[in-house]
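Student: Dropping the structure in here first, questions after.
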Amino acid sequence: MRMISLNMPRIKLCQLPTDLEPASNLSEKLENVTIYFKRDDNTGLAMGGNKGRKLEFLLADAIKKEADVIITTGSIQSNHTRMTCAACRKLGLDVILVLKGKKPLSFQGNLLLEKLMNADIRFVDALSYDDIGITVNYIMSELKAEGKKPYFIPVGGSVGLGACGYVDCALELFNQADKQNLRIDYIVNAVGSGGTSAGLEVGVRLAKKNSKIVGISVDAEKTVFKQDISRIAQDCASLLEADLKILPEDITVFDEYIGEDGYGKPSRQGIEAIKLVAETEGIILDPVYSGKAMAGLIDLVKKGFFEKGSNIVFIHTGGTPALFDMLVNN
Ligand SMILES: *Cc1c(COP(=O)(O)O)cnc(C)c1O
């Protein structure tokens with residue numbers, strides 16, 4: 001395949017390309033399918049993860065618009081806020097992190113890393129990101145009154161522009177696969193706010209491949225994500241001036257693997273998946289996203305969702321710092 005490149009402003013923040021790595025021990029254990037890992041846990045930016053690729057496009061836009069302070073939001077153990085903070089430190093931009101939840105007694109995992117980067121963190125004990133939006137707007141107007149130029153990045157960087165990072169990931173992946181003569185039947189990833197899946201959906205179409213994107217939700221119901229992902233993908237396609245139609249019914253998302261305690265709380269199946277991958281491949285997944293996505297992949301293999309002989313690429317979206325906050329007693 002000829003290397004397609006995206007005609008969008010972009011700044012280099014990540015270590016790319018990430019490896020595409022066969023997981024033969026895990027594949028042997030699961031039987032009937034071959035699993036590969038796309039190692040987006042190794043993108044850099046204070047310990048890696050999927051948000052780096054999105055930030056290459058989002059922060060290029062912020063710089064183009066002459067922003068001098070970035071504001072973003074996420075949960076207490078947000079990988080997105082940690083990576084945004086790292087990118088801003090690297091670029092010499094000011095950054096404010098508005099985190100959803102109470103200030104914890106001790107700073108572990110992503111919070112610890114944010115602390116080391118001397119992040120300006122504002123804890124807001126709100127129920128939803130709509131409520132967080134009120135605080136964000138207030139901070140934005142204060143900054144403007146001081147003569148600053150703030151730039152807001154929504155939760156997870158999951159807007160059309162951020163999704164360009166995963167269009168690029170898909171193109172990078174197919175380029176690697178073509179060189180190895182590898183046919184990719186399925187691409188499996190964790191879904192938290194939908195930008196990763198949206199970018200992959202656009203990328204598969206631009207590369208004219210038949211690979212099916214399978215998202216495993218870690219928070220919302222699949223009906224919500226089918227809408228969100230198709231909307232973000234459509235926005236992304238129009239930014240790239242690609243004539244694509246991506247409808248909610250074209251999106252595959254499973255919502256059976258969120259776990260009974262919900263978003264951000266480890267599930268039994270997720271912890272088992274983390275242990276299995278660690279013990280067979282020496283690869284470390286995380287309790288909030290990739291562990292639950294892998295639990296979904298394993299269960300779907302057992303249920304025969306993937307045809308025998310399928311090649312499945314699991315996007316390792318990172319998130320490992322959260323392990324050190326959550327799995328102390330496991
Ligand atoms: C944010 C995140 C995801 C989910 O990606 P979205 O684009 O928000 O759906 C998956 N894994 C990790 C580790 C993340 O931090």
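Student: Show that you can apply the helix-only estimate: for the chain, add -39,500 (n - 2.57) for every DSSP H stretch of four or more residues, divide by all residues, and state [θ] at 222 nm to the nearest 500.
Tutor: Details: 11 runs with 140 residues, N = 330.
When only DSSP H runs of four or more count, the value is -13500 deg cm²/dmol.
Student: Taking only protein heavy atoms into account and a 1.4 Å probe, give the accessible area per residue of segment 51-157 in Å². All intermediate terms of the calculation are to be shown ahead of the outcome.
Tutor: Numbers: 4810 Å² over 107 residues.
On a per-residue basis, 45 Å².
Student: Any chance you could check the Cα centroid distance between segment 5-81 and segment 289-330 for me, in angstrom?
Tutor: 17 Å
Student: Still on this structure, I have one more. Considering amide H positions built from the backbone, and no H for Pro or chain starts, which residues 5 or more places from residue 94, or on another chain, come under 5 Å of its amide H?
Tutor: HN-HN under 5 Å from residue 94: 70.
Student: DSSP loop (so not H, G, I, E, B), at most 13 other Cβ within 10 Å: list which GluC sites (Glu not before Pro) in segment 123-196 pass both filters. Display every interim value, and only then the final one.
Tutor: Numbers: sites: 142, 146, 172; in loops: 146.
Those that pass, being in a loop and sparsely packed, are 146.
Student: I've got another one for you. About its Cα centre, what dipole magnitude does segment 51-157 give when the only charges are +1 on Lys and Arg Cβ and -1 on Asp and Glu Cβ, stated in debye to the nearest 20?
Tutor: Numbers: 16 positive and 12 negative charges, 66 e Å.
Roughly 320 debye, rounded to the nearest 20.
Student: Something else now. Cα gyration tensor of segment 164-262, axes a ≥ b ≥ c as square roots of the eigenvalues: rounded (a/c below 1.5), prolate (a/b > b/c) or oblate?
Tutor: Numbers: a/c = 2.22, a/b = 1.36, b/c = 1.63.
Cα axes put segment 164-262 in the oblate bin.
Student: While we're here: Within the set 179/209; 179/302; 65/144; 100/265; 51/208; 64/149, which residue pairs have Cα atoms separated by over 20 Å?
Tutor: Values: 179/209 15 Å; 179/302 30 Å; 65/144 14 Å; 100/265 15 Å; 51/208 25 Å; 64/149 12 Å.
Violating the 20 Å Cα-Cα cut-off are 179/302; 51/208.
Student: With no solvent and one equal point scatterer per Cα, compute the Debye intensity ratio I(q)/I(0) for the chain at 0.13, 0.15 Å⁻¹ and report its log10, rounded to two decimals.
Tutor: Here log10 of I(q) over I(0) equals -0.93, -1.27.
Student: So, one more: So which aspartates and glutamates can residue 303 reach, going by Cα to Cα under 18 Å and dropping same-chain residues fewer than 8 places off?
Tutor: Output for residue 303: 28, 31, 185, 255, 256, 272.
Student: Sticking with this one: Calculate what fraction, in whole %, of the accessible area of the chain sits on carbon and sulfur atoms when a 1.4 Å probe is rolled over the protein chains.
Tutor: Details: 7120 of 14500 Å².
Reported share for carbon and sulfur atoms: 49 percent.
Student: Further question on the same structure: Taking the chain as a Gaussian network, Cα atoms linked when under 10 Å apart, which of 207, 198, 233 shows the biggest mean-square fluctuation?
Tutor: 207
Student: By the scheme Lys and Arg +1, Asp and Glu -1, what is the net charge of all other residues having a beta-carbon under 11 Å from that of residue 230? Could you put the intermediate results ahead of the total?
Tutor: Numbers: positive: 226, 231, 245; negative: 201, 228, 235, 249, 250.
Every neighbour counted, the sum reads -2.
Student: If you don't mind, there's one more thing I want to ask. What net charge is computed for the residues neighbouring residue 290, neighbours being all others with C-beta under 10 Å from the C-beta of residue 290, Lys and Arg scored +1, Asp and Glu -1? Mind dumping the intermediate values first?
Tutor: Numbers: positive: 292; negative: 40, 41, 286.
Neighbour charge sum, excluding residue 290 itself: -2.
Student: Could you tell me the relative contact order of segment 51-157? Use alpha-carbon pairs under 8 Å, at least six residues apart, and round to a whole percent.
Tutor: Values: 154 pairs, mean separation 40.1, N = 107.
Across segment 51-157, relative contact order equals 37 percent.
Student: Apply the a/c threshold of 1.5 to the C-alpha gyration tensor of segment 65-163 and tell me whether it is rounded, prolate or oblate. Mind showing how you got there, number by number?
Tutor: Values: a/c = 1.42, a/b = 1.21, b/c = 1.17.
Verdict is rounded for segment 65-163.
Student: Further, regarding this structure: Return, ordered by residue number, the residues of segment 300-330 whose backbone nitrogen is under 11 Å from a label point located 7 Å along Cα→Cβ of residue 284.
Tutor: 319-325, by backbone N distance to the label point.
Student: Near residue 50, within a Cβ-to-Cβ distance under 14 Å, what is the net charge of the other residues, with Lys and Arg +1 and Asp and Glu -1?
Tutor: Details: positive: 38, 39, 51, 53, 54, 82; negative: 40, 41, 56, 168, 172, 286.
Counting the neighbours of residue 50, the net charge comes to 0.
Student: Next question. Nearest 10 degrees is fine. How inclined is helix 79-91 to the longest principal axis of the chain, computing both from alpha carbons?
Tutor: With both axes taken from Cα atoms, the answer is about 60 degrees.
Student: Here is a further query. Which loop trypsin sites (Lys or Arg not before Pro) in segment 1-70, with loop taken from DSSP, have no more than 14 other Cβ atoms within 10 angstrom of their Cβ? Numbers along the way, then the final one.
Tutor: Numbers: sites: 2, 10, 12, 29, 38, 39, 51, 53, 54, 64, 65; in loops: 2, 10, 12, 39, 65.
Counting only loop positions with at most 14 other Cβ atoms within 10 Å, the trypsin sites (Lys or Arg not before Pro) in segment 1-70 are 2, 12, 65.
Student: On a 0 to 90° scale, report how tilted helix 160-179 is relative to the longest principal axis of the chain, with both axes built from alpha carbons and the result rounded to the nearest 10.
Tutor: 30 degrees
Student: Taking θ as phi - 60°, what are the ³J(HN,Hα) couplings along segment 261-274 by the Karplus curve (6.51, -1.76, 1.60), each to the nearest whole Hz, with x for Gly and Pro?
Tutor: 8, x, 4, x, 10, x, 10, 4, 4, x, 5, 4, 5, 4
Student: Could you pull out the GluC sites (Glu not before Pro) across segment 44-136 that fall in loop regions by DSSP (anything but H, G, I, E, B) with no more than 12 other Cβ atoms inside 10 Å? Present the calculation step by step, with values, prior to reporting the outcome.
Tutor: Details: sites: 56, 66, 114; in loops: 66.
Those that pass, being in a loop and sparsely packed, are 66.
Student: Kindly work out what percent of the DSSP beta bridges joining two residues of the chain are antiparallel, to the nearest 5. Mind dumping the intermediate values first?
Tutor: Numbers: 4 of 38 bridges.
In the chain, DSSP labels about 10 percent of beta bridges as antiparallel.
The values are calculated or read from the model by the stated rules, or taken from the named source; none is laboratory data. Nothing here was measured: the structure is a model prediction, and the numbers come from that model. Neighbour counts are summed over all protein chains in view; Cβ atoms, including those assigned to glycine, are modelled from backbone coordinates with ideal geometry. For accessibility, only protein heavy atoms count, side chains too; no ligands or nucleic acids. Shrake-Rupley method; radii C 1.70, N 1.55, O 1.52, S 1.80 Å.
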